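Below is one structure, written out as structure tokens; the observations come after it.
The values are calculated or read from the model by the stated rules, or taken from the named source; none is laboratory data. Only a predicted model underlies this, so the values are computations on that prediction, with no experimental measurement involved. Positions of Cβ are backbone-derived with ideal geometry, glycine not excepted, and every protein chain shown enters the neighbour counts. The area values use the complete protein model at the heavy-atom level, side chains included, leaving out ligands, DNA and RNA. Shrake-Rupley method; radii C 1.70, N 1.55, O 1.52, S 1.80 Å.
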Amino acid sequence: CFARKNHSVRQKIEKIVEEMPANATCIKMHLRSSSGTLALIRRVIVACVQHLGLTSTTLEGVKLATTEACTNIIKHAYKFDETKSFDMELKSSCNVFVIELLYSDPGFEPCNIPIRNLKEVREGGYGVFLMQNIMDYVNYVTDTKTGEVRLQMVKILNSEKCSGGSSENRTNIK
């Protein structure tokens, strides 16, 4: 119920992610649930995609969406408990940037995330809205037995500069 793209677009995005080249950059991190971790996450994102020559708008957007997702984990799932941790995996290629966050949140139901009314301006509560509007694909998968949550966010790239791959293999699905 959560992925915001229609079924055919979702299938195309999932296929692009599945077919990421073997030489894609992949970074896996186990992170402490602390707001101090957010600056590290932003720096790691920059390092992961610096060779792609992304526009500053795209890079800042990806950093913002990821920061919002991690903030939601720290604030809502873990209630600022710094003894808890979560995993983050970043994958990037010329075509796509994938962020996956794995954490525990028993009882979390993505369908119950409220839809923001932008006519009611107030502080806070825009994280998921921003994630959905910045990224091309946002999807939560929950395991009701274990309480594990997997958040996958995907940004389709059309990088003009790419090392380690052929530009002919780029896919435009928009």
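Starting from residues that are at pLDDT below 95 and of a type in the set (S, T, N, Q), keep the ones in the range 54-70 and report whichever is most open to solvent (accessible area, probe 1.4 Å). Of everything passing the filter in the range 54-70, 57 is most open to solvent (accessible area, probe 1.4 Å). Residue 116 meets each of the listed conditions (1) under 22 Å from residue 31 (Cα atoms); (2) surrounded by 13 or more Cβ atoms within 10 Å (Cβ to Cβ) apart from (1).
Of the residues examined, residue 88 is not one that is among the aliphatic types (A, V, I, L, M), at pLDDT below 95, open to solvent by less than 10 Å² (accessible area, probe 1.4 Å) and closer than 30 Å to residue 158 by Cα. Within the range 131-174, restricting attention to residues that are assigned to a loop (DSSP other than H, G, I, E, B) and among the small types (Gly, Ala, Ser), which residue is modelled with the lowest pLDDT? Restricting to residues being assigned to a loop (DSSP other than H, G, I, E, B) and among the small types (Gly, Ala, Ser), the top hit is 166. Screening residue 91 on (1) within 23 Å of residue 109 (Cα to Cα); (2) part of a strand (DSSP E or B) shows it passes everything except condition (1).
When the range 15-28 is limited to residues that are surrounded by 12 or more Cβ atoms within 10 Å (Cβ to Cβ) and touching a residue at least 12 places away in the same chain (Cβ under 8 Å), the one that is farthest from the chain's Cα centre (by Cα) turns out to be 21. The range 1-77 holds helices (runs of 4 or more DSSP H) entirely within its bounds, and those carrying 3 or more residues that are among the β-branched types (Val, Ile, Thr) and in contact with a helix residue (DSSP H, G or I) (Cβ under 9 Å, 6 or more places away or on another chain) map to 37-49, 56-72.
Restricting the first member to the range 53-73 and to residues that are more than 10 Å from residue 127 (Cβ to Cβ) and among the small types (Gly, Ala, Ser), and the second to residues that are open to solvent by less than 20 Å² (accessible area, probe 1.4 Å) and in a loop (DSSP other than H, G, I, E, B), the beta-carbon pairs closer than 6 Å and six or more apart or on different chains are 53/159. Among the residues of the range 91-103, those identified as touching a helix residue (DSSP H, G or I) at 6+ places or on another chain (Cβ under 7 Å) and either open to solvent by 40 Å² or more (accessible area, probe 1.4 Å) or over 13 Å from residue 26 (Cβ atoms) (or both) are 94, 95, 101, 103.
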